[in-house]
Amino acid sequence: MKKLLIAFTAIALPFFSVAHAEDNPMLLKSRALAAQLPPKLLAVLKAEIEKSGPEGAIQVCKDEAPKIAGELSRESRSTIRRVSLKSRNAVRSTPDTWEQGVLEEFDRRAAAGETPATLEKGEKVGNEYRYMKALPVQAGCLACHGTVDKIKPAVKAMLEKHYPDDTATGYSEGHIRGAISVRTLL
Ligand code: HEC
């Protein structure tokens, strides 16, 4: 009987610890919150690109991206923003030490074969729960984040005007452009 119990515990423990990670309410909340940002941003971006091309959408992206992230933050009592190892808007998007480590981890995991779109990480750090979700480059991103030879002169001109220190070009589809970062006070 004792042997049986030990065997059961050995099988059941890893199972329960996996289930526990998935049930973590902070992980689920952060994941759900992060999932709201891209569709909201893309809707604005798409509408503006249709109206006035990618060059016209740059100003909108600059004004609307932080507004949308700010609204989501206020509604949720978490702080949500985008970060990148190669930022366009360094004031808003420069990662802190934890975010930098996770972005580097995402790049390593993608290089090792994990699908960029599924990369996420959540953990308790001090008195906060922190979460990040990778943002892979899709075809539609290349107009403004692709290799320099493929970016239209009008887009280049707008980027130079608004972001003289831009480092967020040179990407190809599937690269990790950055991540959504969510932090919640516990
Ligand atoms: C119309 C041009 C345009 C397109 C298309 C575009 N972006 Fe951007 N992106 C920008 C601009 C402008 C900023 C800087 C926004 C700011 O000032 O906060 C930016 C910033 C970002 C940031 C924040 C980090 C940083 O560099 O400051 C991420 C992450 C990002 N873009 C990812 C994407 C992804 C992923 C796509 C495709 C799904 C995409 N972008 C498509 C123009 C664009």
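Quick note: the coordinates plus some simple rules give every number you see, no bench work behind them. Small disclaimer: the values here were computed from a predicted structure and weren't measured. So basically every Cβ, Gly included, is an ideal-geometry build from the backbone, and we count neighbours across all protein chains shown.
Net charge around residue 179, counting only other residues with Cβ within less than 13 Å of its Cβ (Lys, Arg = +1; Asp, Glu = -1)?
+4
To the nearest 10 degrees, how steeply does helix 2-23 sit against the main Cα axis of the chain, on a 0 to 90 scale?
20 degrees
Charges at C-beta only: +1 for Lys and Arg, -1 for Asp and Glu. How large is the resulting dipole of the chain about its Cα centre, in Debye rounded to 20?
On the way: 28 positive and 23 negative charges, 74 e Å.
It comes to approximately 360 debye.
Treating the angle as unsigned and between 0 and 90°, give the value, to the nearest 10°, between the Cα long axis of helix 97-111 and the longest Cα principal axis of the chain.
The two axes meet at around 90 degrees.
On a 0 to 90 degree scale, rounded to 10, what angle separates helix 153-162 from the longest Cα axis of the chain?
70 degrees
Quick one: net charge around residue 71, please, counting Lys, Arg +1 and Asp, Glu -1 for every other residue with C-beta under 11 Å from its C-beta.
Taking every other residue near residue 71 into account, the sum is +1.
Determine the gain in length on full extension of the stretch residue 104-residue 124; use 0.36 nm per residue of separation and subtract their C-alpha separation, reporting nm with one decimal.
Details: separation 20, 0.36 × 20 = 7.20 nm, distance 1.86 nm.
Using 0.36 nm per residue and subtracting the Cα-Cα distance, I get 5.3 nm.
Scan the chain and hand back the longest stretch that contains none of the GluC sites (Glu not before Pro) lying in DSSP loops with at most 13 other Cβ atoms within 10 Å.
Details: sites that count: 114, 173.
For GluC sites (Glu not before Pro) (loop position, at most 13 other Cβ atoms within 10 Å), the longest site-free span of the chain is 1-113.
Take the alpha carbon atoms of the stretch 20-67, find their center, do the same for the stretch 92-149, and report the distance between the two centers in whole angstrom.
Here the answer is 15 Å between Cα centres.
Measuring from label point to label point, each 7 Å out along Cα→Cβ, what is the residue 60 to residue 114 span in nm?
Once both label points are built, they end up 3.4 nm from each other.
Can you pick out the pairs among 29/62; 40/156; 29/152; 51/156; 29/51 whose Cα atoms lie more than 29 Å from each other?
Listed pairs above 29 Å: 29/152; 29/51.
Could you tell me which of rounded, prolate or oblate describes the stretch 91-186, using a ≥ b ≥ c as the square roots of the eigenvalues of the alpha-carbon gyration tensor, with rounded for a/c under 1.5 and, failing that, prolate when a/b is larger than b/c and oblate otherwise?
oblate
Counting other Cβ atoms within 10 Å, keep those with at most 11, restrict to DSSP loop, and tell me which trypsin sites (Lys or Arg not before Pro) in the stretch 60-110 are left.
Answer in residue order: 77.
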